[in-house]
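What follows is a set of notes on a single structure, which appears directly below.
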Amino acid sequence: MKRFVFILFVFLSLLTQAQTTGQMVKNPVIWADLPDPDVIRVGDTFYYMSTTMFFMPGAPLMQSKDLVNWQVASYVFPKLTDSPKYDLQEGTAYGRGQWATSLQYHNGRFYVLFAPNEQGDMGRTYICSAETAAGPWKLESRLPHFHDASLLFDDDGRVYVFYGTGEQVELTADLQGVVEGSHRKTITRDEEETGLLEGSRVVKHRGHYYLLMISHVYKPGRHRREVCYRSDSPAGPWEKKVILESDLRQFGYMGQGTIFDTQDGDWYAVIFQDRGAVGRVPALIPCRWIDGWPMLGDEEGKIPERMRPLVSGQPQTPIISSDTFDSSEIDINWQWNHNPVDEAWTLAERPGWLRLKTARVVPNFYLAPNTLTQRMQGPQCSATVRLDVSHLKDGDRAGFAAFNGQSALLAVKKEGKRFVLELSEQQVNLTGQDKVVESVDEKVVESIPLNVNRSPLGSQLSLRIDADFRRGRDIANFYYSIDGQEWTKIGGDFKMRFDWQRLFVGTRFALFCYATKRTGGYADFDSFEYQLIDNEND
């Protein structure tokens, strides 16, 4: 009988392993823009904080049971209000805003710390907390600027912030200030570290402190990597080890992220990789403790292209989602470009539709308020919107865009009493410090007159963007349809780009409606239909 039970146990184990192997997930686990990750575990749930900069609401806290399927639980703030820049006035926050947020759980509360990459009061560090992942979030304090910082609640009740290139301070117990005289250099660059060294993430494990940082020496033959500094005291001394130097699927080498454990005692890392126009994407990497160091990757130190997922029974929970706009609240996966003008959008005035009203007269798309965005996703994706343009006024623009520092806009333009469908490529030029929009270089690719009065659906039409982020591609194509059935391509391939000097984000889908002559017009969006096309087998 015991032999039979043992054989049955072995058979079931092999069957479970075979089923799990068949369900192995590919790295990156999310092929979308989720940079600067900080990941922690509370009970059986993992929490992930990423950077969304100037998109509002900001600082999304995501949760997962299996490290593969993530969903947004809440945003730390609905708006940032330190400056009119966040309202697209007197400058912009392009490439700025909420950066590299640190996430901690302490004494029954979630804590986040982030510092906008700005000068003066705009750059002061935020510390916010919440009792549950769903919020609401409370502002605890504003502190001096700490670049790419990591918050640590120590076992003895002391609180530290590690930031910059190896600096640290101690905070007062109430988090309201910095302990006088506590500033110190955690580490000193050795002769090998002559380039990038930042992105602090601190973990305490078995009495040791581990400071993880991204490192990149800009010389031929050198690669981006993750280094770790270890000490048995915040005061040091600290010793260093390279814990990851690996590419993934020939997209380049990886760095910046953190490590964490599971309930079963296994350890993982989430590290991001630059993947061109789609942005900076996270990979899930095994972490093995060897001689007291958290070594990342497989036995050869390489990032595995496939990972066996944790068994949790969690359904798929995408962070990019379709929307029929029939709810009383906007879907949690949408974010506005800068602060929205609340009175200039509504889901109530035409039930089942999103109405975007022109809020103020602006000279171009990059200064237009209430542009609504969602991420794009690799390897390929497609999205379709249906809109009604009957209430546009002369000079109004409404439509669908591939949005970044270099954008492509498929826009319905009202010119007098005429409607024109136009595809244009646009590049924004910003000043260095205040990110003022100096100019926008615009190239009209194709323009088509629309006779909305003779359309079977009147002033309604559908617009579609297909995006291809496979290696060497980064291409978007644009289509329109009057009846929603037959599609006509407009323009050719649009080359999407990631540009850290302008917006510093991955390319996004964007719904927009703005005025160039006078306010009072609006566009209604009936639906946003999203599809991920995962046809990559290598």
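The values are calculated or read from the model by the stated rules, or taken from the named source; none is laboratory data. It should be emphasised that the depicted structure is a prediction, and the values quoted were computed from it without experimental measurement. With ideal geometry, Cβ positions are generated from the backbone for all residues, glycine too; neighbour counts draw on all protein chains shown. Surface accessibility is based on the protein's heavy atoms, side chains included, excluding ligands, DNA and RNA. Shrake-Rupley method; radii C 1.70, N 1.55, O 1.52, S 1.80 Å.
Assorted remarks:
Residues are listed down the side, and each one gets a yes or a no for (1) touching an Asp or Glu at 6+ places or on another chain (Cβ under 9 Å); (2) under 22 Å from GLU415 (Cβ atoms); (3) not charged (D, E, K, R):
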{"site": "GLN426", "(1), (2), (3)": "yes, yes, yes"}
{"site": "ASP441", "(1), (2), (3)": "yes, yes, no"}
{"site": "VAL445", "(1), (2), (3)": "yes, yes, yes"}
{"site": "ASP468", "(1), (2), (3)": "yes, no, no"}
{"site": "GLN485", "(1), (2), (3)": "no, no, yes"}
{"site": "PHE494", "(1), (2), (3)": "yes, no, yes"}
{"site": "ARG497", "(1), (2), (3)": "yes, no, no"}
{"site": "ARG502", "(1), (2), (3)": "no, no, no"}
{"site": "ARG508", "(1), (2), (3)": "yes, no, no"}
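- In segment 185-199, the residues that are touching a residue at least 60 places away in the same chain (Cβ under 8 Å) reach residues that are of a type in the set (A, V, I, L, M) and open to solvent by less than 80 Å² (accessible area, probe 1.4 Å) with C-beta atoms within less than 7 angstrom, at least six apart or across chains, in these pairs: GLY199/ALA100; GLY199/MET213; GLY199/ILE214.
- Any hit, segment 199-215, residues being out of contact with any Gly (no Cβ under 7 Å at 6 or more places or on another chain) and at pLDDT below 95: no
- One residue alone among ASP441, ASP434 is open to solvent by 20 Å² or more (accessible area, probe 1.4 Å), modelled with pLDDT under 95, within 31 Å of the chain's Cα centre (by Cα) and of a type in the set (D, E, K, R), and that residue is ASP434.
- Residue list for segment 387-414, filter: over 16 Å from THR516 (Cβ atoms), open to solvent by less than 30 Å² (accessible area, probe 1.4 Å) and not acidic (Asp, Glu): LEU387, PHE400, ALA402, PHE403, ASN404, GLY405, SER407, ALA408, LEU410
- Yes/no for LYS417 being open to solvent by 20 Å² or more (accessible area, probe 1.4 Å) and more than 29 Å from MET53 (Cα to Cα): yes
Table: residues versus (1) touching an Asp or Glu at 6+ places or on another chain (Cβ under 8 Å); (2) part of a strand (DSSP E or B); (3) open to solvent by 30 Å² or more (accessible area, probe 1.4 Å); (4) over 26 Å from PRO363 (Cα atoms).
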position: PRO60; (1), (2), (3), (4): no, yes, no, yes
position: TYR75; (1), (2), (3), (4): no, yes, yes, yes
position: GLY95; (1), (2), (3), (4): no, no, no, no
position: ALA100; (1), (2), (3), (4): yes, no, no, yes
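- Consider segment 279-316 and keep the residues that are open to solvent by less than 20 Å² (accessible area, probe 1.4 Å) and touching a Pro at 6+ places or on another chain (Cβ under 6 Å). The one that is farthest from VAL505 (Cα to Cα) is CYS287.
- Any hit, segment 505-524, residues being aromatic (Phe, Trp, Tyr), assigned to a loop (DSSP other than H, G, I, E, B) and either touching a Ser or Thr at 6+ places or on another chain (Cβ under 9 Å) or closer than 21 Å to SER382 by Cβ (or both): no
- Residue match in segment 493-508 (condition: modelled with pLDDT of 95 or more and within 30 Å of PRO351 (Cα to Cα)): yes
- Segment 527-538 - residue that is in a strand (DSSP E or B) and open to solvent by 50 Å² or more (accessible area, probe 1.4 Å) and, of those, modelled with the lowest pLDDT: ILE533
- Qualifying residue in segment 354-363 (condition: open to solvent by 20 Å² or more (accessible area, probe 1.4 Å) and among the hydroxyl-bearing types (Ser, Thr, Tyr)): no
- Residue list for segment 472-504, filter: aliphatic (A, V, I, L, M), in a strand (DSSP E or B) and either crowded, with 20+ Cβ neighbours inside 10 Å or without any contact (Cβ under 8 Å) to a residue 12 or more places away in the chain (or both): ALA476
- Pairing residues of segment 136-159 that are without any contact (Cβ under 8 Å) to a residue 24 or more places away in the chain and under 26 Å from PRO57 (Cβ atoms) with residues that are in a loop (DSSP other than H, G, I, E, B) and of a type outside the set (A, V, I, L, M), at Cβ distances under 6 Å and at least 6 apart in sequence or on separate chains, gives ARG142/ARG124.
- When segment 340-388 is filtered for residues that are of a type in the set (S, T, N, Q), more than 23 Å from ALA32 (Cβ to Cβ) and in contact with a Lys or Arg (Cβ under 7 Å, 6 or more places away or on another chain), only THR346 remains.
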